[in-house]
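The values are calculated or read from the model by the stated rules, or taken from the named source; none is laboratory data. Because the structure is predicted, anything quoted here is derived from the model rather than measured. Every residue, glycine as well, gets a Cβ built from its backbone with ideal geometry; the counts of neighbours run over all protein chains shown. Side chains included, ligands, DNA and RNA excluded: accessible areas come from the protein's heavy atoms. Shrake-Rupley method; radii C 1.70, N 1.55, O 1.52, S 1.80 Å.
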Amino acid sequence: MTHQTTVAILGAGSMAEALIGGIAKTNGGKAPHITVLNANNRKRLNQLHATYGVHAAQSYEEAVKGKDVIVLAIKPHNVQEVADSLVSLLDPQKQLVISVAAGIKLETLESWLPADTAVIRAMPNTSARVLASATTLSIGTYATERQLAFAKTLFSSIGTVTVVDEQQMDAATGIAGSGPAYIYYVAEAMLNAAIAEGLSPAEARALINQTIGGAAKQLSNSSKSPKDLYKEIMSPNGTTEAAIAHLDHSSAQELFQQAIHQAVKRSAAIGASFERDPIHKHQ
C-alpha cells in the first residue's frame, strides 16, 4: 500500500483496530491516511485517533467520499444497514469495497451496493495486531485483478494472504478467522494446569508463550506433518507419550475437529440467513 492510498474503515472494534495497528506499524506507528467511522462510540474513535493518528469521521459522507478503498469492519447483522447508507455516496468506477464481515457472501454484498461495485471479501484474524494475520481473500464479480493485487498488498502489510474461491471462505473462516482463539484456549488449559502443578502465573506464561511460539516456528520451517513432529517428541513410556495417550483416549482431536466444523457451519449459516432476506439490487 502506498502512502497516497486513502482508506476508510467503517467500524472500530477489535478487528478494525487490528487492521489499523498492523498498517500503522508499517508506517512509523501512525496511519493518518486512514479514516475511521464508528457511529455509536465517539470515545472509541478518539482513542484510535490518539493512538494511531487516524482521522475520526463524523459521518458516512465524510468517511467515504474520495477514499480509494472502504473496509467494512462491522458485525454481519449491521452490514446491510451500512450498505444502504453508502448507496448514494459510493463511486463504483473508482472505489473498492472490502468486507471483513464473517459469512456474508459476495453476491449478497453486491446486491446491497450500487450496481457494478467492486467488492472483495476478506477474512483476517486478530494476529494482525502483531503483523501475523493469516488473511483469506475472495474476489467479487466486478473487482479487477489490479484491485485484488491492491487488497493483497494491503493485507500483506499485516501478515500472509491466501486467495481462495468463495466456496472455501467458510472453511477459511473456521480455520484462520477463529483460529487464534483455539490457540488461546489451549494456552489457557496449559496455564491452569501449570498453576495447579505449582508454577507461578508468571513462570507458567513465560514457558507457555515460548513453547507455543517455538512450536509454530518449527511447524512453519519443517516439511514434516504435525503428527510427525509430535511423534518425534514422544519416547516409549515417556512424559509426552503419557499426555498424548490421554488425549487420544479422550477423543480430544476428534472433539477439536468437531468444534472447527461448528465454526464453519456457523459461517455458512450467517451467509444463508442474509440470503433469505429480501434482496434489493441498486441500479
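Figures for the structure shown
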read-out: The listed residue being in a helix (DSSP H, G or I), touching a residue at least 60 places away in the same chain (Cβ under 8 Å) and either within 24 Å of A176 (Cα to Cα) or charged (D, E, K, R) (or both), out of L154, L148, L109; value: L154
read-out: Qualifying positions in the stretch 46-79 - assigned to a helix (DSSP H, G or I), surrounded by fewer than 20 Cβ atoms within 10 Å (Cβ to Cβ) and within 20 Å of the chain's Cα centre (by Cα); value: P76, H77, N78
read-out: Any hit, the stretch 4-19, residues being open to solvent by 40 Å² or more (accessible area, probe 1.4 Å), touching a residue at least 60 places away in the same chain (Cβ under 8 Å), of a type outside the set (A, V, I, L, M) and under 20 Å from G159 (Cβ atoms); value: yes
read-out: Residue ID - nearest to V64 (Cα to Cα), chosen from residues in the stretch 112-135 that are open to solvent by less than 10 Å² (accessible area, probe 1.4 Å) and hydroxyl-bearing (S, T, Y); value: T117
read-out: Which numbered condition A83 misses (of (1) out of contact with any strand residue (DSSP E or B) (no Cβ under 7 Å at 6 or more places or on another chain); (2) open to solvent by 20 Å² or more (accessible area, probe 1.4 Å)); value: (2)
read-out: Residue match in the stretch 52-71 (condition: of a type in the set (S, T, Y) and within 30 Å of T141 (Cβ to Cβ)); value: yes
read-out: Any hit, the stretch 91-107, residues being touching a helix residue (DSSP H, G or I) at 6+ places or on another chain (Cβ under 7 Å), modelled with pLDDT under 95, more than 20 Å from A8 (Cβ to Cβ) and open to solvent by less than 10 Å² (accessible area, probe 1.4 Å); value: yes
read-out: Scan of the stretch 161-194 for residues that are in contact with a Ser or Thr (Cβ under 7 Å, 6 or more places away or on another chain) and either closer than 21 Å to A252 by Cα or assigned to a helix (DSSP H, G or I) (or both), ordered by number; value: E166, M169, D170, A172, T173, G174, A176, P180
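Table: residues versus (1) in contact (Cβ under 8 Å) with a residue 12 or more places away in the chain; (2) of a type in the set (A, V, I, L, M, F, W, C); (3) out of contact with any Asp or Glu (no Cβ under 7 Å at 6 or more places or on another chain).
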position: S178; (1), (2), (3): yes, no, yes
position: Y182; (1), (2), (3): yes, no, yes
position: E188; (1), (2), (3): no, no, yes
position: A196; (1), (2), (3): no, yes, yes
position: R205; (1), (2), (3): yes, no, yes
position: K217; (1), (2), (3): no, no, yes
position: H249; (1), (2), (3): no, no, yes
position: A252; (1), (2), (3): no, yes, yes
